[in-house]
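The values are calculated or read from the model by the stated rules, or taken from the named source; none is laboratory data. This structure is a prediction, so every number in the text was calculated from the model and none was measured. Because the Cβ atoms are built from the backbone with ideal geometry, glycine has one as well, and the counts that use them run over all protein chains shown.
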Amino acid sequence: MLNSIEQALELVGCFQDAALDNSRWPDALSRLSGAFQGDLGVLTVGSIQPMTLITNLMTGTIVPPPNLEELIDRLSPTDLRLQYGMSHPGKAFACRQVLDEKAWTASPFYREILEPNGVPYSIVCMDVVDRHYVFSTGTLRGDRDGSFTNEEVRQFESLTPHLIRAVRTQIRLGQQQSVTDDLRATLNALVAAVILVDATGKVWFANHAAESILAQGDGLGVSQGRLRGGTPGDSGKIEAMVAETVMAARASRLPGGDALTLDRPSGKAPLNLLCVPMRADRLEVFPLRPSAMLFVSDPEAERPIPEALIARMYGLTPAEARLCGDLLRGMDLAGHAERHGITANTARTHLKSIFAKTGTGRQAELLRLILAGPMGQAVLDGLELHA
């Protein structure tokens, strides 16, 4: 049992640490179990519909069988603790005090999991998160210390609000991290260069395309964590553009944005920057997060054209799709023929076939059709679409 307020506060601190750092849960569960003379600390998370095990974390002196997760997944519907806990969310309980003794000890969950592993006694609390997840946490012990007393249950229940809050926080942080990882992967798949910055111009994230541009240091780079242009004047323009975009969006609660060009010391065509605010409708109490998104385009960089998808969309042959791709790149028929080693007559034959399949009659009409259709945004944004 808990021997002092200090011990209880120490446990609460462990729960808070675990909420922010998933690797701290084994220590938190071990301390919780030890405080109640338990042999096993347990944290189980599952989905409600369908009832499926997601996480089962155990720590203690007992080594669980290798097929434990399969057993839990299969036998959870027979776990009478789950049925009671779901109808009493947030309540700590000792199984033998609230469940029918005969029904509990006869249940497959008890007979195939708890009893064979020598932990027939348990204190448990359960709760539901976002109506989709249920979690169970507590401690189990064997015959040496016997059933949990009413006082132990009372003390455990005094900790459950903190324990539940920690588990809820961990689950929601995990959901947010999953979304963040997916967003990062999506941004990295773009050929377009994207940079996320805060209101001061500090770089929070740059996708692979942006990292390539920044690494060249030709008109745009990073110094002391902040975006910088090729000259002090351009650096000042970047800072002012970001700050004004963010402030204007905060003031009006409407999407803002600004753009500028950056000269490059190499003499190449200037880089183009488009700056748009992020979540301008949200009050920033602690504005330590990205506040603006910058799209960087290099006019001299060749963007991939999704020729295979254009072929599928309009029923074109590979040769016809290649011609469409070159026309989108600004080539004429002669340039296309020379690039692919075909005659001008063959190129014209391909073009006539494309006109017939797309219902167009001129090159300008064909390009307008492609750019206005489903493939248009992919071409304009430079998305690397795979067939």
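Within segment 191-227, being in a strand (DSSP E or B) and touching a Pro at 6+ places or on another chain (Cβ under 8 Å) holds for L196, V197, W204, F205.
Yes or no, residue by residue, for (1) touching a helix residue (DSSP H, G or I) at 6+ places or on another chain (Cβ under 8 Å); (2) surrounded by fewer than 15 Cβ atoms within 10 Å (Cβ to Cβ); (3) over 30 Å from D298 (Cα atoms):
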| position | (1), (2), (3) |
| --- | --- |
| I123 | yes, no, yes |
| T137 | yes, no, yes |
| Q176 | no, yes, yes |
| L187 | no, no, no |
| H208 | yes, yes, no |
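Scanning segment 295-344 for residues that are surrounded by 15 or more Cβ atoms within 10 Å (Cβ to Cβ) and of a type in the set (S, T, N, Q) returns a single hit, S297.
A quick yes/no check of all residues on (1) in contact with a strand residue (DSSP E or B) (Cβ under 9 Å, 6 or more places away or on another chain); (2) at pLDDT 90 or above; (3) closer than 19 Å to E69 by Cα:
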| position | (1), (2), (3) |
| --- | --- |
| Y84 | yes, no, no |
| A92 | yes, yes, no |
| R96 | yes, no, no |
| I113 | no, no, yes |
| M126 | yes, yes, yes |
| V129 | yes, no, no |
| F135 | yes, no, yes |
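Does K102 satisfy the condition of being farther than 21 Å from F135 by Cβ and either outside any loop (DSSP other than H, G, I, E, B) or touching a residue at least 12 places away in the same chain (Cβ under 8 Å) (or both)? Taking the combined requirement at face value, the residue satisfies it. Answer yes or no as to whether A18 is assigned by TED's automatic domain parsing to the domain that holds E112, at pLDDT 90 or above and under 22 Å from the mean Cα position of the chain (by Cα). So A18 fits the description; yes.
Among residues of segment 49-78 that are in the same structural domain as D39 (by TED's automatic domain parsing), those with a beta-carbon under 6 Å from a residue that is assigned to a loop (DSSP other than H, G, I, E, B) and of a type in the set (G, A, S) at least six positions away or on a different chain give the pairs T78/S107. The set of residues in segment 132-182 that are under 27 Å from D73 (Cα atoms), of a type in the set (S, T, Y) and in contact (Cβ under 8 Å) with a residue 12 or more places away in the chain comprises Y133, S136, T137, T139, S147, T160, T169.
A count restricted to segment 21-35 and to residues that are surrounded by fewer than 21 Cβ atoms within 10 Å (Cβ to Cβ) and modelled with pLDDT of 90 or more stands at 8. If R74 passes every condition in (1) more than 24 Å from D145 (Cα to Cα); (2) in a strand (DSSP E or B) but one, which one does it miss? With (1) more than 24 Å from D145 (Cα to Cα); (2) in a strand (DSSP E or B) applied to R74, the lone miss is (2). Regarding segment 146-169, can at least one residue be identified that is outside any loop (DSSP other than H, G, I, E, B), among the polar types (S, T, N, Q), assigned by TED's automatic domain parsing to the domain that holds G118 and closer than 30 Å to V246 by Cα? Yes: one or more hits.
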